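Below is one structure, written out as structure tokens, with a few remarks after it.
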Amino acid sequence: MFSRLTTAVLHTFLASILLPLAALCTPLDDWDTLVLDGSKHKYEGQYNLAIPSFTKALSFAEKQKLPNKCVPISLCRLAEVELITNHVKEADSHLDRIVNLIKTQKEANTLNPQVSFWAAALSDAYEDNHKPDTRELCLKHACYLKNLVYGSNHRECIDCLTKLADYYIDENKIDKAIKTLEFIQALLTKQYGEDPNRFGNTLNDLAIRCENKHAFKQVEKLELEAVKIARRSKSTLSTGLPAFYCLLGINALDQGKSAGSVRYFQNASQQSFKINGTINKENAAKYLAPLPNIIWQINATNKLALAEKQYRNLLPIYKVISPAPNIQYELFFNLAKVLYMQDGITNTTKRHPEAIKYYKNCIEIAKHLNGDYRFYLPDLYAVLASSQLSLHKLDEATKSFEAALGAVVGKNEWRTASIYLLWGRQLRAMGEGHMAAQKLNIAYEQSVKLPPEKRGTVLADLLRLLAIDAKGYGNEKRAQLFAKQSIAEIKLQKKLKSKLGPDIFHRM
């Protein structure tokens with residue numbers, strides 16, 4: 001037990017040690033502690049605790065008249081948390097003061113890098129706030145802060161302005177969007193030099209994006225602005241006019257505005273005849289290149305009749321401009337597919353003759369191209385032959401199937417077996433039983449010789465056909481045997497993760 005005297009002596013001794021330590025803790029250290037406390041609460045998601053900590057840090061910095069950095073940092077940290085919690089008005093109440101402090105310190109050459117860092121973090125918080133009723137204001141504040149911190153030509157500033165323009169486009173405030181985009185173009189010109197195509201290309205790219213998003217009103221306003229610039233331009237942008245008018249025509253058709261569509265496609269045709277020279281036509285073709293993909297997206301929504309109209313309107317423009325054969329191939333192939341799909345829905349062959357014509361165009365183009373086009377030539381012939389058989393043109397179909405076999409590159413037994421399988425299946429469907437059996441037997445002989453990893457679903461498909469035929473002839477036992485073998489073969493192919501077809505029963 002310590003006596004009272006001993007305890008008093010101990011207290012005096014401890015005080016003599018601790019008092020100098022306490023004296024070492026400056027007001028700046030206390031401010032740092034408050035800020036660190038607020039940061040801890042923020043990163044733990046305890047925003048209701050972070051706000052009081054940063055408020056205390058601000059009040060303490062003001063009262064103690066701490067170094068220049070303390071007040072703006074406190075304000076930035078406080079406003080950032082208020083934005084995260086969607087208290088936009090409260091955050092905005094600090095903004096003017098933050099801006100004025102930064103400007104004053106910049107002019108006096110006393111701006112601390114930490115202040116710039118937290119001002120940039122605040123600009124990000126404004127940019128990331130998506131509260132609908134204050135979204136425009138937040139983006140404007142973000143752009144202003146980024147300009148203050150980074151400078152107008154910095155990527156951060158330009159990206160933020162681009163987001164503001166995108167917001168205006170999404171809200172169909174196209175006039176504001178165009179003004180913002182013009183300002184961006186001025187910054188880019190200052191940084192990279194004059195580019196007479198840049199602004200028109202930007203508007204066209206945005207119009208394409210809006211078309212893909214079915215923002216039809218925005219498409220028309222943006223693309224008409226691009227047309228206006230292109231018509232005045234003496235640069236390569238003018239070669240984009242056929243494509244710009246085509247996009248407007250596609251957009252009008254999407255909205256069911258037939259008269260407007262006709263007018264735009266007529267303009268596209270007139271402009272296409274004005275384009276002379278190989279280089280100019282190549283540039284015009286580049287502008288047209290995204291349009292088939294836009295139409296294909298329409299087709300993917302099963303608006304087949306609409307997609308057909310779009311392709312038909314686009315084809316004459318391509319023929320005048322004479323683009324690369326691969327683009328013509330894409331148009332012919334997609335148009336043929338749309339026609340086949342419409343027949344599939346109606347269970348008729350009304351559109352087959354025209355589809356055959358387009359497939360023949362594809363074949364002629366593919367013959368003169370390399371790479372994938374040559375590789376898929378057998379498939380093109382096989383589809384052509386199947387269409388001819390469905391129209392009971394047996395002799396023409398035979399020639400096409402033989403051409404398909406002749407187009408197989410090298411000793412590719414799997415592709416050859418697949419063609420014979422398709423040939424036999426189509427003959428079987430047309431009631432040509434004897435001829436069908438011959439082709440299917442060849443397919444079977446070729447497929448069983450192949451190792452499992454190289455035969456795809458050919459054997460499984462054949463066995464399934466044999467099972468169906470056996471059942472049709474009343475031989476249930478034989479049908480079950482073939483069916484089991486087919487199922488076992490499919491399981492094996494799945495285990496091998498095979499990607500080879502033809503998978504005519506869609507089991508892989």
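The values are calculated or read from the model by the stated rules, or taken from the named source; none is laboratory data. Everything numeric here is computed off the predicted structure, so don't read it as measured data. All Cβ positions, glycine included, derive from the backbone under ideal geometry; neighbour counts span all protein chains shown. SASA here: full protein model, heavy atoms, side chains in, ligands and nucleic acids out. Shrake-Rupley method; radii C 1.70, N 1.55, O 1.52, S 1.80 Å.
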*Tally time: how many residues in segment 176-206 are of a type in the set (F, W, Y) and within 24 Å of the chain's Cα centre (by Cα)?*
1
_Subset of segment 474-503 that is in a helix (DSSP H, G or I) and farther than 21 Å from P451 by Cα - its residue that is most open to solvent (accessible area, probe 1.4 Å)_ = K477
*asked:* Checking G344 against (1) open to solvent by less than 50 Å² (accessible area, probe 1.4 Å); (2) at pLDDT below 90; (3) not acidic (D, E), only one condition comes out false. Which one?
replied: (1)
*Provide a single number: the residues in segment 146-190 that are closer than 25 Å to A121 by Cα and assigned to a helix (DSSP H, G or I).*
25
_Flag if A215 is open to solvent by less than 50 Å² (accessible area, probe 1.4 Å) and either charged (D, E, K, R) or modelled with pLDDT under 95 (or both)_ = yes
*asked:* I need the full set of residues from segment 49-83 which are in contact (Cβ under 8 Å) with a residue 12 or more places away in the chain, assigned to a helix (DSSP H, G or I) and open to solvent by 70 Å² or more (accessible area, probe 1.4 Å), in order please.
replied: K56, Q64
*Among the candidates Y381, Y329, Y358, Y318, which residue alone is over 29 Å from N267 (Cβ atoms), of a type in the set (F, W, Y) and surrounded by 19 or more Cβ atoms within 10 Å (Cβ to Cβ)?*
Y381
*Inspect all residues belonging to segment 413-428 and state whether any of them is in contact with a Phe, Trp or Tyr (Cβ under 9 Å, 6 or more places away or on another chain), at pLDDT 90 or above, open to solvent by 40 Å² or more (accessible area, probe 1.4 Å) and of a type in the set (A, V, I, L, M).*
yes
*For residues that are touching a residue at least 24 places away in the same chain (Cβ under 8 Å) and open to solvent by less than 30 Å² (accessible area, probe 1.4 Å), scanning just segment 137-153, find the one that is nearest to K106 (Cα to Cα).*
L148
*Considering segment 391-429 alone, what residues qualify as being outside any helix (DSSP H, G or I), charged (D, E, K, R) and over 20 Å from I356 (Cα atoms)?*
K411
*Failed condition for K439, given (1) of a type in the set (D, E, K, R); (2) open to solvent by less than 40 Å² (accessible area, probe 1.4 Å); (3) part of a helix (DSSP H, G or I); (4) within 21 Å of F375 (Cβ to Cβ), with all others met?*
(4)
*Are any of the residues in segment 362-375 more than 30 Å from A268 (Cβ to Cβ) and surrounded by 15 or more Cβ atoms within 10 Å (Cβ to Cβ)?*
yes
*When residues of segment 250-281 are filtered for being more than 13 Å from K217 (Cα to Cα) and touching a residue at least 40 places away in the same chain (Cβ under 8 Å), how many remain?*
9
*asked:* Residue under question is E156, and the condition is that it be exposed (fewer than 15 other Cβ atoms within 10 Å of the Cβ) and either within 27 Å of the chain's Cα centre (by Cα) or under 16 Å from D92 (Cβ atoms) (or both); does it hold?
replied: no
*What number of residues within segment 459-473 are loosely packed, with under 13 Cβ neighbours inside 10 Å and touching a residue at least 24 places away in the same chain (Cβ under 8 Å)?*
0
*For G456, work out the one condition from (1) open to solvent by 60 Å² or more (accessible area, probe 1.4 Å); (2) within 41 Å of the chain's Cα centre (by Cα); (3) more than 19 Å from R428 (Cβ to Cβ) it doesn't fulfil.*
(1)
_If I ask for residues that are of a type in the set (V, I, T) and in contact with a Leu (Cβ under 7 Å, 6 or more places away or on another chain), which ones from segment 143-159 would you list?_
I158
*asked:* For segment 177-194, which positions are in contact with a helix residue (DSSP H, G or I) (Cβ under 8 Å, 6 or more places away or on another chain), under 20 Å from S235 (Cα atoms) and open to solvent by 60 Å² or more (accessible area, probe 1.4 Å)?
replied: E182
